[in-house]
Amino acid sequence: MQRPPAGRSYRTDEPVDFVVIGSGPAGASVARELSRKGFDVVVLEQGRAFAPSEMEHDELGAFITERWTNSSQTQPQTHRTNTQDTAQQRPFVGYAKAVGGTSFHFTGNYWRFRPIDFNEFSVRGGVAGASLADWPITYDELEPYYSAVEWAIGVSGEVSTAPGEPRHSRPYPLPPLNVTGPGVLLTVACEKMGWSHKAAPMAILSREFNGRQPCHNCGFCLGFPCEWGAKSGANYTMIPEALRSGRCELRSECYVSRIELNTAGRVTGVLYFDRDKREVLQCAKAVVVCANGAESPRLLLLSANAQHPDGLANSSGLVGRHFMFNGAALTRADFAHEVNGHRGPVVSRITHQPYELDPALGFVGGGGFDFRFDVPAMLMALSLPASEPQWGSAFKQRLHSWYNQSLLCYAHTTSLPVESNSVSLDPELKDAWGLPALRTTFREHEHDLRMYRWFQARGRELLDAAGALRMYDDPINDDPGFTVHLLGTCRMGNDPAASVVDRYHRAHDVPNLFVVDGSSFVTSGRGQPTLTIQALAFRAADHIAQFAERNQI
Amino acid sequence: MRLWRLGKKRDKLTFTMTLSRREFLVGMSAVSAVWLSGAIACRDSAPPNADTHEPDANSAEQPAGFVHFAPDDAADVEAIAARIFPTDDTPGAREAGVVYFIDRSMTTFAVDQADFFAVGLRDLNAAVANAHAGVARFAQLGDAQQDAMLRTIEGGEFFGAVRFATIAGMFALPKYGGNRDFIGWNLVDQRSVMEYKPPFGWYDHPDNQIALLGRIL
C-alpha cells in the first residue's frame with residue numbers, strides 16, 4: 001500500500017482557484033479532476049485521516065462510540081415528523097467523518113442508475129403529494145462518467161445483458177468478487193422465480209489494481225474502513241491521486257461554518273474552524289460544496305446574509321427540501337445449513353427484476369434485492385428478533401444459529417421527493433461550534449409505504465424459493481429511524497424557481513458556487529447512490545474546468 | 001438505506017436504547033470525539049500483510065481491578081451479566097470478563113450512565129431484600145432465584161441497559177476490557193483470524209452450487 005502523498009500548502013489570504021468542501025466520493029473526485037487539470041485546490045474535511053493501523057475491526061468504535069462517524073455529542077441533531085411540531089433531539093442522519101467521507105466505511109455497492117431514473121416523471125407521470133420531476137440530464141449524458149469512475153477507482157462486476165439493463169460503454173475493470181452463501185441462495189431463488197440476477201457491482205477489488213491489494217474476504221465492510229485498501233473509497237483512490245497532482249492541499253479536521261460573499265454576490269472564500277477551533281478564512285475564486293445531502297444544505301442555510309436572507313442560493317426556497325433516502329424492506333430468515341454471510345463481501349449477487357413495476361400496481365418507482373448478512377456479532381446479538389430468546393442459555397444457542405445460518409433479504413427501493421421532508425436549522429439547539437444544529441423533518445409518503453410492503457411480500461417469496469425455514473419481517477412503518485443515504489436537498493434543474501443548481505451543478509443564484517453530492521439528486525434512484533454521486537462529480541468537474549478555462553466563472 | 005434505529009425514551013443513553021429493525025442497530029454515543037481519541041489507544045504498528053492477519057485487539061491487556069464499581073456492585077453486575085450469558089457447556093460473560101468492560105465504560109464512553117446503573121442496582125437489591133429475607137444483594141441469590149428476579153424486570157430500562165452493555169462487553173474488542181480471549185467471538189464462531197477463503201459456508205461450496213444450480217457461479 002502506498003503512503004499517502006503529502007500534497008502542498010496554500011496561503012489562506014490569497015484566493016486559490018477552488019475550495020472543495022468535503023473529501024467524500026464527490027469532493028475527492030472534484031478535487032482530483034480539477035487539480036489534475038492544473039487548478040489549485042484546497043479540500044476542507046471535518047474528519048481526520050485514519051492510518052491503516054487504526055482501521056480495526058472495532059464494532060464498539062464503529063457503531064457505538066462514533067469513532068469515525070458524525071458525533072451525536074458535538075453535532076447533535078433534532079428530528080420531527082411534521083413541520084408544525086417542535087423537533088426533539090435525536091440522531092437521524094449518519095455519515096462517516098473521516099478523510100474519504102462515507103466511502104471510508106461504505107459497503108461498496110456500486111449500482112448504476114438506469115435511464116428511467118432520470119425521466120420517470122415524463123414516463124410515468126406525477127404522484128400526489130410528491131414533487132417528482134425529470135433530471136436535467138439523461139443516462140446517456142452521464143454514462144461516460146459512470147465508466148470513468150469504474151475504471152478510475154476499481155469496480156468489480158460483470159455487465160449483464162438481461163432486458164432493461166443499461167448500456168455500458170466499457171466492461172467493468174475487474175471480474176466479480178467471490179460469490180457468497182447469500183449470493184448463491186439469491187441466485188437459486190431468482191432462477192426458481194424466473195427473475196434475472198447478476199453479479200453485484202462492487203467498489204471492492206477482486207484482483208490487484210493500481211498497486212492496491214484485492215479483498216481478503218474478512219467480512220468487516222459495512223461501517224468499517226478497509227485496512228487492506230481493497231475497498232475503492234476516496235481515501236484510497238481520489239484523495240491520493242489529487243495530492244499527487246501537486247496542486248491540491250487537503251486540510252482535515254476543518255469544520256466549515258460559512259461561505260463568504262461580497263456585495264457583488266460572488267463567493268470570496270470559506271470560513272472554517274481548524275482543529276483548535278480557531279476561525280480561518282480561506283479565500284477562493286470559486287467554491288464547490290460536497291459536504292453530503294445533509295451538511296451541504298445546512299451550510300448554505302448557515303451562510304445566509306443580507307442578500308440571501310433565507311440562505312445562500314435559496315431564492316427557490318428549495319435548499320434542504322425534498323430530503324430523500326432509499327426505501328427498504330427487510331426480512332430475515334433461517335436456513336438449514338451454514339450460510340456464513342458474515343464472511344466475504346457483504347453482497348455478491350443482486351436482482352433488478354422489480355426495477356420497473358407494472359403500472360397496474362399503482363406505484364411509481366421500483367427497486368432491487370440482495371441477500372446478505374452484514375453485521376458482526378455485537379450488532380447481530382443486539383438485533384435478534386424479539387420473538388427469539390433474549391438472554392440465558394437459549395439466547396447463547398440462538399445467537400450461534402442466527403449468526404451462521406440466517407440471512408437478511410434486503411429490498412432497496414426508490415423513495416419519493418416530498419417537499420416537506422427536509423433538512424433545516426434548529427432554531428434553538430447549537431453544535432459544539434455554536435452553530436445551529438441540523439434539524440430533519442421526515443415522514444414516509446403513503447405511496448412509498450405501500451411499495452415497501454409490496455417489496456417485503458416479494459422478498460418473502462424469494463426467501464421461500466431459496467428454501468428458508470423461518471422468516472422474520474422487520475416492520476414497515478412511517479419512521480425510518482436513522483438513515484445514511486442523504487439525497488435530494490439541493491436538487492438540479494433547468495428552472496431556477498424549481499431547483500437549486502443548474503445542470504452543471506452551478507447555483508442558480510451565485511455564479512462561482514457549485515454544489516455536487518447526493519443533494520443534487522432529483523429522484524432517489526433504486527438504491528446505492530454512491531456511484532451516481534461520483535459520476536456526477538466527474539461530470540461536474542469536467543464542465544467546471546471548461547468554465548474556468550473560458551473565464552466563465 | 002436505513003441503518004439503525006434509536007430509542008426515543010432518553011436522550012443520552014448508550015446502553016438504554018431500544019433496538020429494533022433495519023439493517024443494523026446501534027447505540028448512540030455518550031462521549032465526545034475529543035475524549036474518545038484520547039481514551040482509546042490505537043496500534044501504532046504497520047498494517048498486517050501476512051495471510052494470518054490477527055485482529056487488532058490486544059487480548060493480553062487485562063484489567064487488574066475495578067475503576068468504578070465497588071466490589072459489591074461489581075459482583076451484582078457480573079451476576080446479571082452471567083445470567084444473560086450463563087456459563088454452561090460454553091464459557092459465558094463471567095469468563096469473558098464482561099464486568100470489567102462495563103466497569104471501564106462507566107468512567108469513559110458511558111460515564112453519564114453511572115448514576116443510572118447505581119440507581120438500578122439499588123432498586124434491584126431493594127427488590128431482592130423484599131423477596132428474600134436476610135439476603136441483601138442480587139449476587140447472593142442462586143441461579144434460579146436470580147433468573148426469577150430478572151424476569152420481573154426484563155421489560156424495564158435497567159435490565160435493557162445491562163443487557164446492552166453485556167452484549168457489547170461480550171463482543172467488543174478485548175482491548176475494551178471484555179471478550180477475554182475472544183470468548184464472545186468464539187461463542188458464535190466469529191473467528192479471530194480475519195481472512196477467509198471460499199467456500200465461506202455450505203451453500204457456496206462448489207459441490208452444493210452444482211447441486212442447487214447445476215453450475216458454479
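What to note about this one:
- Complete set of residues in region B:177-195 that are surrounded by 19 or more Cβ atoms within 10 Å (Cβ to Cβ) and without any contact (Cβ under 8 Å) to a residue 40 or more places away in the chain: B:185, B:188, B:190
- Apart from one condition, residue B:174 fits all of (1) surrounded by fewer than 19 Cβ atoms within 10 Å (Cβ to Cβ); (2) more than 15 Å from residue B:78 (Cβ to Cβ); the exception is (1).
- Number of the exception - residue A:435 against (1) within 13 Å of another protein chain (Cβ to nearest Cβ); (2) in contact with a Phe, Trp or Tyr (Cβ under 9 Å, 6 or more places away or on another chain); (3) touching a residue at least 40 places away in the same chain (Cβ under 8 Å); (4) of a type outside the set (Lys, Arg): (1)
- Residue A:494 vs. criteria away from every other protein chain (no Cβ under 14 Å), at pLDDT 95 or above, at positive phi and not in a strand (DSSP E or B): no
- When region A:117-126 is filtered for residues that are surrounded by fewer than 20 Cβ atoms within 10 Å (Cβ to Cβ) and of a type outside the set (Lys, Arg), the ones remaining, listed by number, are A:119, A:121, A:122, A:123, A:125, A:126.
- Wholly within region B:121-203, helices (runs of 4 or more DSSP H) carrying at least 3 residues that are at the interface with chain A (Cβ under 9 Å from one of its Cβ atoms) and under 30 Å from residue A:180 (Cα atoms): B:157-171, B:183-187
- Test: residue in region A:114-128 that is among the polar types (S, T, N, Q) and in contact with a His (Cβ under 9 Å, 6 or more places away or on another chain): no
To keep it simple, each residue is scored yes or no on (1) within 14 Å of chain B (Cβ to nearest Cβ); (2) touching a residue at least 40 places away in the same chain (Cβ under 8 Å).
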residue	(1), (2)
A:352	no, yes
A:374	yes, yes
A:400	yes, no
A:409	yes, yes
A:427	no, no
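- Counting only strands (runs of 3 or more DSSP E) that sit wholly inside region A:334-429, those with at least 3 residues that are in contact with a Leu (Cβ under 7 Å, 6 or more places away or on another chain) and buried (at least 22 other Cβ atoms within 10 Å of the Cβ) are A:367-372, A:406-413.
- Consider region A:52-82 and keep the residues that are of a type in the set (A, V, I, L, M, F, W, C) and facing chain B (nearest Cβ under 8 Å). The one that is nearest to residue A:212 (Cα to Cα) is A:55.
- Among residues of region A:302-333, those that are buried (at least 22 other Cβ atoms within 10 Å of the Cβ) and more than 14 Å from chain B (Cβ to nearest Cβ), counted: 10
- Residue match in region A:239-247 (condition: out of contact with any Pro (no Cβ under 9 Å at 6 or more places or on another chain), in a loop (DSSP other than H, G, I, E, B) and within 10 Å of another protein chain (Cβ to nearest Cβ)): no
- Candidate set: region A:197-216, residues that are polar (S, T, N, Q) and surrounded by fewer than 19 Cβ atoms within 10 Å (Cβ to Cβ); chosen: the one nearest to the other protein chains (Cβ to nearest Cβ): A:213
- Residues in region A:465-516 that are among the hydroxyl-bearing types (Ser, Thr, Tyr) and surrounded by fewer than 21 Cβ atoms within 10 Å (Cβ to Cβ): A:472, A:504.
- Residue match in region A:145-166 (condition: within 14 Å of chain B (Cβ to nearest Cβ), crowded, with 19+ Cβ neighbours inside 10 Å and in contact with a Gly (Cβ under 7 Å, 6 or more places away or on another chain)): no
- Among all positions in region A:491-503, there is at least one residue which is farther than 26 Å from residue A:106 by Cα and of a type in the set (Asp, Glu).
- Residue among A:245, A:296 that is closer than 24 Å to residue A:95 by Cα, of a type in the set (Gly, Ala, Ser) and touching a residue at least 60 places away in the same chain (Cβ under 8 Å): A:296
The values are calculated or read from the model by the stated rules, or taken from the named source; none is laboratory data. From a predicted model like this one, the values you see are computed outputs, not experimental measurements. Here the Cβ is made from the backbone with ideal geometry for all residues, glycine too, and neighbour counts use every protein chain on show.
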